[in-house]
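S.K.: A single structure is presented below for examination.
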Amino acid sequence: MMAALQLPPAGGEIREREPMSKHTSWRVGGPADVFYKPATIEDLADYLRQLDASIPVFWFGVGSNLLVRDGGIRGVVIAAAPLLRDLERTADHEVRAGAGVPCTQLARQCIRWGLAPAEFFAGIPGTVGGALAMNAGAHGGETWERVRSVRCIDRDGAIHERKPGDYEIGYRSVRGPDNEWFIEATLQFDPDAVASKEKLQAMLARRKETQPLGLPSCGSVFRNPPGDHAARLIEAAGLKGFAIGGAEVSGKHANFIINRGNASASDIERLIRHVHDSVAEAHGVDLIHEVRIVGEELE
């Protein structure tokens, strides 16, 4: 832990030395120095305004696309997703969604409202905030194709409204102003598109059939390279079922790495590197991981 953190008063819940393994979908990760769950946006803004600029801040969603190393995270981890759950229809073809809304919930509600194309959100693990941060997509749809505007909070607690033009948006990639975090998005859907409950159910059934959903994982580890699929390349390299420690390449979907119950973050990171290097050697393809790897190694 950083020595003698000088922390401001907080509205909400503060925990010290909080194991991140309790909060990530891989069920691994060392402790956060400070884990803060604000009660309101106002509490969060006040806390950020008073927090010493030298103290690192890490914005945490639900941990579905995150590998926290075994040494943990220094500074303050902010877990604001539980208070960012508002979801409302604001116009005929427009929705306002908080960053903490699960993507599957967004997909289901949009279908109820008759808004489309929204079904693809059901194929994205995690929340709207995480989907915004990486331009997540599934089944041919991408998050930022639907974004009309976003609201963000910065390191000083100020809230900004921004347009897609304020960001550089690519495949599984979003670059914008530093030290800002998404708190909500306004999403726009197509007037002529037809919402399909059957399509949504088919997507969910296919996901259940083809992905190891009952085991700790982060979803797809690697981006698909142009014109190909990471899972095909990994499987063709003979890596299905390959394990390092308690981490294993899924036998059901080769682009998933699962925690068999006793994996460390180090096991998973070593396996990610091994898969990358093996695919590069076998196919000459430089796979890029889309999972975010943060924190410090154990000393």
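S.K.: Between Ile14 and Gln105, what's the calculated FRET efficiency when r is the beta-carbon distance and R0 is 30 Å? Round to 0.05.
M.R.: The pair Ile14/Gln105 has a calculated efficiency of 0.60.
S.K.: Let me ask you something else. Can you tell me how much longer the chain between Glu209 and Leu298 gets when fully stretched, taken as 0.36 nm per residue apart minus their C-alpha distance, in nm with one decimal?
M.R.: My answer for the length gained is 28.4 nm.
S.K.: A further question on this structure: Tell me which DSSP H helices of the chain clear both cut-offs, 24 Å or more of axial length from alpha-carbon atoms and a mean Kyte-Doolittle hydropathy of at least -1.0.
M.R.: Span-like helices in the chain: 265-283.
S.K.: Then there is this: Considering only segment 12-82, what is the antiparallel percent among its DSSP beta bridges, to the nearest 5?
M.R.: 45
S.K.: Could you give the size of the charge dipole of segment 213-294 about its Cα centre, using +1 on the Cβ of each K and R and -1 on the Cβ of each D and E, expressed in debye and rounded to the nearest 20?
M.R.: With only Lys, Arg, Asp and Glu charged at Cβ, the dipole is about 220 debye.
S.K.: List the aspartates and glutamates whose alpha-carbon lies under 16 Å from that of Lys22, not counting same-chain residues fewer than 8 positions away?
M.R.: Straight-line reach from Lys22, under 16 Å: Glu13, Asp33, Asp70.
S.K.: For the chain, what is the relative contact order in percent, using Cα pairs closer than 8 Å and at least 6 residues apart in sequence?
M.R.: Worked out over the chain, it gives 18 percent.
S.K.: What 222 nm value per residue comes from the helices of the chain, counting each DSSP H run with n ≥ 4 as -39,500 (n - 2.57) and dividing by all residues, nearest 500 deg cm²/dmol?
M.R.: Value at 222 nm, helices only, nearest 500: -7000 deg cm²/dmol.
S.K.: For a protection proxy built on the mean count of beta-carbon atoms within 10 angstrom, sort 113-125, 182-194 highest first, please.
M.R.: Listed from highest to lowest mean packing, they are 113-125, 182-194.
S.K.: Once fully extended, how much extra length lies between Asp178 and Glu88, figured as 0.36 nm per residue of separation less the alpha-carbon to alpha-carbon distance?
M.R.: 29.6 nm
S.K.: Quick check on packing: order 63-69, 157-163 by the mean number of other C-beta atoms within 10 Å, highest mean leading.
M.R.: Ranked by mean Cβ neighbours within 10 Å, highest first: 63-69, 157-163.
S.K.: Got a sec? How would Thr210, Thr143 order by Cβ neighbour count within 10 Å, fewest to most?
M.R.: Ascending Cβ contact count within 10 Å gives the list Thr210, Thr143.
S.K.: Here's another thing I want to ask about it. How much length is gained on full extension from Ala202 to Arg49, taking 0.36 nm per residue of separation minus their Cα-Cα distance?
M.R.: Fully extending the segment from Ala202 to Arg49 adds 50.5 nm.
S.K.: While we're here: Determine which lysines satisfy two conditions relative to Lys199: a Cα distance under 26 Å, and not lying fewer than 8 residues away in the same chain.
M.R.: Cα-Cα hits under 26 Å: Lys208, Lys252.
Read-outs throughout are calculated quantities, based only on the coordinates presented, and are distinct from any laboratory measurement. If you're wondering where the values come from, they're calculated on a predicted model, not measured in any experiment. Every residue, glycine as well, gets a Cβ built from its backbone with ideal geometry; the counts of neighbours run over all protein chains shown.
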